[in-house]
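Notes follow once the structure below has been shown.
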Amino acid sequence: MSDTHEETIAFVRESEIPAAPPPERQAGAIRWVRDNLFSTWFNAIVTLVALYVIWWLLSGLIPWIVNGTWEGSSVLECREILQGETGGCFSVLRERWSQLLFGFQYPPSLHWRPTLAFALLFVAVPPALFFKLPRWMLVFTAVYPFLAYWLIWGGTIITPVFAAIGLVVGYLVFVRVEKRSFMLGLFAALVAATVVWWFGGVIADEFSRVARLRPVASRAMGGFMLNMILGIVCVSLSLPLGILLALGRQSRLPVVKGFCVIFIEFIRGVPLITLLFVANVILAFFLPPGTNFDLILRVIIMITLFASAYIAEVIRGGLAALPKGQYEAGDSLGLNYAQSMRLIILPQALKISIPGIVNVAVGLFKDTTLVSVISMYDLVGIIRGSILASTAWSGIYWELWVAACAMFFVVCYGISQYSQWLERQLRTDHR
Amino acid sequence: MTMTDTNPSGMKVSDEIAIEIRNMNKWYGQFHVLRDIDLTVRQGERIVVCGPSGSGKSTLIRCINALEEHQQGSIVVDGVPLSSDIKNIDRIRSEVGMCFQHFNLFPHLTILENCTLAPIWVRKVPKREAEETAMYFLEKVKIPDQARKYPGQLSGGQQQRVAIARSLCMRPRIMLFDEPTSALDPEMIKEVLDTMIQLAEEGMTMICVTHEMGFARQVANRVIFMDAGQIVEQNEPEAFFKNPQNERTKLFLSQILGH
Ligand SMILES: Nc1ncnc2c1ncn2[C@@H]1O[C@H](COP(=O)(O)OP(=O)(O)OP(=O)(O)O)[C@@H](O)[C@H]1O
Ligand SMILES: [Mg+2]
C-alpha cells in the first residue's frame, strides 16, 4: 500500500456523535399512515373505499347496539320502547337466555347441574391440554366424564360408577391377556367390561335411590348445552378412534387395513346429515324394540364416526410425512410396535397434524348444529323451532343469530388459539 | 483365506460366534439383491464392508437386525435364530445396535431422552439409572454438555455421536454401522471415526459399511468387498488393499484410492 493511500484510509474517531431523534415526518403515526395506507394512488383509493365500508357498517351497527333495549317481554313491547328508532331488541336474549343455553325442556330448577358440570370442565380439561400441570390432576380428568354424566342426566350414581369400573376392569384384563395375543386381549376385555356393566345395571335398578339426582331424559337436552355435550364428547372420542383408524390403514394385516380403508372411504363419501337421519330413524328400526338406546347416544356415535374418518386421514398425512428412518431407528432399538408408535411415531405425527385436527374439531363442533334438522333442540333448533316460532318473538332474527354466532365464535376461537399455542410449545426441531 | 486371532493393532478376538449367516438370499420383487451370502463373525471381530453403490451392503447389514426380511438361508445372531418370530426379532434387535447414515435421532426428544428411551422401555431400567448410563456414554462420545438440547441444535458430527451413544446405552453385544460418516462434512468425519475406533479398541463386535479406508486399515480384522449382491472378496486389510485378487475389487480400489 502506498503512503498516500494510507493517509486517506486511516481514520480514528475522536468524538462521539450524540444520538438524535429521527426527523419529525419520518417517525410515528404520520409516517406509518403514509407508508401503509397511501403509498400509491391505488392504495389510497383502496384505503378510502375501506374507510367508507367501515363507516357504513359502524353507522348501522353502533346505533343498533347502543339504542338497543333489554326491556319488554315480546317483540311488540320492544317496538313500543324503541318507537321506530333503529335499535336491537335484546330483550329476547334476556328473556330466553335459559332456553338458549339449556333448551326448553330441561327443568329450570335443575339448571345448576349442567352449569356445575360446565364449571368443572375448566378443572378437568386443563391437565389434558397443558402438560406442564402436575400429572396427578389427570385423575380428575378421568373421573370428569362420569361425574358430568351424573350431573347432567341425573339418576343414581351407581350407573356412572359401574360404567367407569367396567372400563377399568376391561383395561386391566386387556393388559393381562394382550401379552398372549392382541385380539384375544381385546375380546377378553370386552367380555369382562360387559359383565361388569350388566352387573352394574342390575345393581343400579335395585338401588336406584342411592345418591340419586332427579333424572332428566335425553330428549330434554337442548340449547348450547347440547352443542357443547356433542362437541366435547365427539371430539374426545373421535381423536383416539381416528388415531386407531390411521394406524390401521397402515397395517400390514390385510383384514385390518381393508376394514379401515373401507370405513374411512365410506364415511367420507356420505354427508353427515344423512348419517344423522340414519341415526334418527334407521338405527332405531334395526334395534330390538324396547332397547333403551337413546337418540343422543346414536347421534354421538354417528358424529364420532364421521369425525374420526376425517381425523384418521389428517393423521395419515402426518404419519406419511415422517421419514422412514424414524420407524427404523425405533425398530433397531428393540422397541415393539406399540412402544415405537406411542413414543416415537405418534408424538411427531400428531404434532404435524395439529392444524388439520383442529380444523376437523372446529368443523365438528359447528356441525353439531345439524342435529336441529332431526328435530333436536340445540342452539339453532331452539332459535328456529322454538323462539322464532313463538308469537312473542317472531321476526327477531338478527339479535338471536348474532348471539348464536358469538357463542360459537368464542369456543372456536379458543380452540384455534390453543392449537397455535400448542404448536409453539412443541416446536423442538429448530428449523 | 487365513484368519488370525489378533489383528494388526493386537485386539483380541474370541472363538465365540456372534453372527452366522448361511446361504442367505434376498429378493426385492424379482430383483435378486443378496445372493448366497455366507458370513461368520466372531465375538470381538471388526468387519468393514465396502463395494460399489447398489451392491447390497446396506441390505446385508439391515438383514442382520431384521430391518429387512430375507427369503432364504439362515441368520443366527448370538445364538438366536432370526425367524419371523417377533420375540426373537425383538430380542436380537435389543442386542444389536445400529447407526444410520442420516443419524435418525428422535427430533422431538432431548439428547438425554433419546438415549434413555430404549433402556427404560425395552430393558425396563429405572429412569435414574438409565440417565446415569446415558451420561456415561455421552461423556464417552464427548458431548455430555449437550444432554438437554434437541437433536436439531447439534452439528451433524455431534448428532452421529449421539446416535452411537444411544445405541450403546442398550449395551449391545454387536454394533452395525451403515455409512455413518458419508453424510458428514470432512472436519466432522474424524470425530465420529475417533469414537468408532475407541469402540473397536474396547473389543466391540462391529460391522461397518464404510468407504473410509484409513479406518478399515486401522481397526478392521477383515474387509469384505461386495458387488452385485455377492461377497466377492474378503481378507485382512493389509492383504486386501495391497494385493486384491478379484478384478472387480481391483477396479473398485483403484477408483476410491485413486483420488
Ligand atoms: N426397498 C427396495 N425395493 C426395491 N429395491 C431396493 C430397495 N432397497 C434397495 N433396493 C435395491 O437393492 C440394491 C441394493 O441396495 P443397497 O441399499 O443395499 O445398496 P448399497 O450397497 O447400500 O448402496 P449405497 O452404497 O448406495 O448405499 C440396489 O440396487 C437398490 O436399488
Ligand atoms: Mg447403503
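The values are calculated or read from the model by the stated rules, or taken from the named source; none is laboratory data. Since this is a predicted model, take the numbers as computed values, not measurements. Here the Cβ is made from the backbone with ideal geometry for all residues, glycine too, and neighbour counts use every protein chain on show. Surface areas here come from the heavy atoms of the whole protein model, side chains and all, with no ligands, DNA or RNA. Shrake-Rupley method; radii C 1.70, N 1.55, O 1.52, S 1.80 Å.
Structure summary
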read-out	value
Rough spin-label spacing in nm, given labels placed 7 Å along Cα→Cβ, for A:ARG212 and A:ALA10	10.5
Placed amide H near A:GLY154: partners under 5 Å, 5+ positions off or other chain	A:VAL216
Per-residue average of Cβ from other chains inside 10 Å of B:162-169	1
Protection-proxy order for peptides A:396-402, A:341-347, each taking the mean of Cβ atoms within 10 Å per residue, highest first	A:341-347, A:396-402
For region A:30-42, Karplus couplings with θ = phi - 60° (6.51, -1.76, 1.60), whole Hz, Gly/Pro x	4, 4, 4, 4, 5, 5, 9, 10, 10, 5, 10, 5, 5
Mean ellipticity per residue at 222 nm, deg cm²/dmol - from DSSP H runs of n ≥ 4 across chain A, formula -39500 (n - 2.57)	-22000 deg cm²/dmol
Student exercise, chain A dipole from Lys, Arg, Asp, Glu Cβ charges, in Debye to nearest 20	1580
Gain in span if fully extended, A:GLU85 to A:PHE122, counting 0.36 nm per residue against the direct Cα distance	9.1 nm
Alpha-carbon centroids, region A:181-245 and region A:387-407: separation in whole Å	34
Accessible area (Å², per residue) of the protein assembly as shown, counting only protein heavy atoms and a probe of 1.4 Å	54
Net +/- balance of residues flanking A:ILE229 in space, Cβ distance below 13 Å, scoring K and R +1, D and E -1	-1
Top of B:ILE37, B:ILE64, B:ILE92 by mean-square fluctuation, Gaussian network on chain B, Cα under 10 Å	B:ILE37
Computed magnitude of the charge dipole of region A:293-431 (debye, nearest 20; Cβ of K, R +1, Cβ of D, E -1)	240
Added length on full extension, which subtracts the Cα-Cα distance from 0.36 nm per residue, A:LEU244 to A:LEU133	37.3 nm
FRET efficiency for A:TYR171 and A:ALA406, using Cβ-Cβ distance with R0 set to 45 Å, rounded to 0.05	0.65
Flagged links, alpha-carbon separation over 21 Å, of B:LYS124/B:LYS149; A:LYS179/B:LYS127; A:LYS132/B:LYS127; A:LYS132/A:LYS351; B:LYS140/B:LYS190; B:LYS127/B:LYS149	B:LYS124/B:LYS149; A:LYS179/B:LYS127
Summed buried accessible surface, chains B and A, 1.4 Å probe, nearest 100 Å²	2000
Inter-chain Cβ neighbour average for residues B:61-69, partner chain, 10 Å	2
Lone cysteines, chain A (no partner Cβ under 4.7 Å)	A:CYS234, A:CYS260, A:CYS405, A:CYS412
Within the accessible area of the protein assembly as shown (1.4 Å probe), percent carbon and sulfur	63
Listed residues A:LEU364, A:LEU322, A:LEU48, most fluctuating in chain A (Gaussian network, C-alpha, under 10 Å)	A:LEU48
Estimated inter-spin distance, A:ARG94 and A:ALA44, nm [label 7 Å along Cα→Cβ]	4.9
Largest to smallest accessible area among A:LYS366, B:LYS127 [probe 1.4 Å]	B:LYS127, A:LYS366
Per-residue average of Cβ from other chains inside 10 Å of B:107-114	4
Inter-site label distance for B:SER155 and B:ARG128 at 7 Å from Cα along Cβ, in nm	3.7
Distance-filtered residues of region A:307-338 - backbone nitrogen under 13 Å, label point 7 angstrom along A:GLU178 Cα→Cβ	A:336-338
Residues A:SER416 and A:THR391, FRET efficiency given R0 of 45 Å [Cβ-Cβ distance, rounded to 0.05]	0.70
